[in-house]
Amino acid sequence: MKYAIVCVAVLLAVLALSACSEADDQVPDGMARVEVHLSAPYQRATRATGDWFDPISSKEKIHDYWVVFVKSGIVEELVAGSCGIDGKEEDSFQFFLPPGNYTVYAFANLEFSTLNIRKGAALPTDLTTKTLATTNGWTNDIPMSNNVNGQKVKVEEVENQSFEVELVRAMAKIQLDFENLSGQQIDILGYEIYPLTTTDVSLFEPADPKNIATTDSVAYTVNLSEDPIALTPINTETGHGGTGATWCYVNETNATATATHNQYSIRLKVRRNESVLEYRYGFTVNSASSGFDYIRRNDWIKLPIVFRDWSFRVEALPFPPIAGFQSRVVSADALSITFNTGGYIFLRPMFRKDTDPEGVWRGFDDSDVVFKLADSYTTNVTTGAAECIDSESGTGLIMSGDLQIFEDGQYFIQLPSGDIVGKLDNAEGKTGLVSVTIKVKLEGLEYQFNYNIFKVN
């Protein structure tokens, strides 16, 4: 008898659930069923397309979210949800809404209460000026929002009605991928990225990268000395060495307004042969050829860095004309060279292998090294017939400012010796920038080095 009572109770519970399900399946009068598919896709990323489909950290996924349907300026519906502590790349939900034209706004992983958005109230007019207090090296879940103008949808009384609502991450990720193809153990002790901004990012994505706030320009430094990235030497049998990666989340940055030398740079601190060394890598910006003129939200920028048993440098040498004044080198580092007067200058590319005697540097005529200005790697220059590059062809030279290098349109030429020579105009008030690209073929691998050359008064 007791058994029968339990069975009846279970049956009643099943019938109750069935009744609820049927009721839930009914669309109320004057309403339409709406399904929203919320995602943080990669389509809006400007670089590394496709990578955001496979986030490597839960911080990059959707956790708490809010979807707002606005009609005639009034918040008609506000749906809140959570994808849990581990987050998801996408989520779907259903609800009922009167038919009509709506604007949809979506947010995730932020303090929603500060936006002052409430159902039945007018949508706040200051959303376009709202900012998020982010910082380089972000450690929390990445805030997300959709377009500044929202997403226009039309709700109709039809079945299987679904809308795709996309979120955009408010920060970028810079990832350094290391590979050691040298014969020595290398430990990555830290790195620095410059320039980045400390300005709070806008709630919504700026319509144009030029609108990215850039009131501050700082270097962001990461110390890995307590837990270095260890890269084992190359295995001569397999041809592979140790690999490793590190990444950080950073604010979007418009380098046009922040980079004094028109570049982003990565400075590495490494331990090699028991010595602590610094290496610097530059990325020329604001040029049609580079396309690297900003770091935008939702970017995933991967920078491959390969270590080999070679070192490269450029000597910046003044060239005094007969009965004239020579250009004087004000400064020279791994990214830029500055001269303070007009006249001719020499750039002398130099190489050395770690196994070379101390202080020995190789030049253009070394059989292991081929380098030149033009796209071709062939060394076909002969005495009296130097290869030249001009701004019209765009092969390797970006000209800006008001420098005049040679009167016949040649800016920098490569001599048979391998030296690169150019001329800076010495006229009063003449200043400017020339970006020279040197392409290198070294033991079968191709490299490219960009140098910014400045003339200052």
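Sort THR129, THR236 by accessible area with a 1.4 Å probe, largest first.
These residues rank, largest area first, as THR236, THR129.
How would MET171, MET350, MET31 rank on accessible area, largest to smallest, probe 1.4 Å?
MET31, MET350, MET171
So which of LYS71/LYS152; LYS59/LYS154; LYS59/LYS269; LYS130/LYS154; LYS61/LYS302; LYS173/LYS210 end up more than 22 Å apart, counting from Cα to Cα?
Correct reply: LYS59/LYS154; LYS59/LYS269; LYS130/LYS154.
I'd like the accessible area for GLU164, computed on protein heavy atoms only with a 1.4 Å probe and all protein chains in place. Round to 10 Å², please.
Counting only protein heavy atoms, GLU164 exposes about 100 Å² to solvent.
Kindly state, to the nearest 0.05, the FRET efficiency for LYS302 paired with ARG118, given R0 = 35 Å and r defined as their beta-carbon distance.
E between LYS302 and ARG118, to the nearest 0.05, is 0.25.
I'd like the accessible area for SER113, computed on protein heavy atoms only with a 1.4 Å probe and all protein chains in place. Round to 10 Å², please.
For SER113, the solvent-accessible surface is approximately 90 Å².
Which order do peptides 265-273, 95-103 fall in by mean Cβ count within 10 Å, highest first?
265-273, 95-103
What relative contact order, as a whole-number percentage, does segment 170-236 give when Cα pairs under 8 Å and 6 or more residues apart are counted?
Reported relative contact order: 50 percent.
Between ASP216 and GLU157, how many nm apart are label points set 7 Å from Cα along the C-beta direction?
Between ASP216 and GLU157, the label points sit 5.6 nm apart.
So, with a 1.4 angstrom probe, what is the percent of accessible area on segment 101-214 that is carbon and sulfur?
That share works out to 44 percent.
Taking all protein chains together and a probe of 1.4 Å, list HIS240, HIS37, HIS63 from the most accessible to the least accessible.
Order by accessible area, largest first: HIS240, HIS37, HIS63.
The values are calculated or read from the model by the stated rules, or taken from the named source; none is laboratory data. Given the structure is predicted, the values throughout are model-derived calculations rather than measurements. Positions of Cβ are backbone-derived with ideal geometry, glycine not excepted, and every protein chain shown enters the neighbour counts. To get the accessible areas, we keep the full protein, side chains included, count just its heavy atoms, and leave off ligands, DNA and RNA. Shrake-Rupley method; radii C 1.70, N 1.55, O 1.52, S 1.80 Å.
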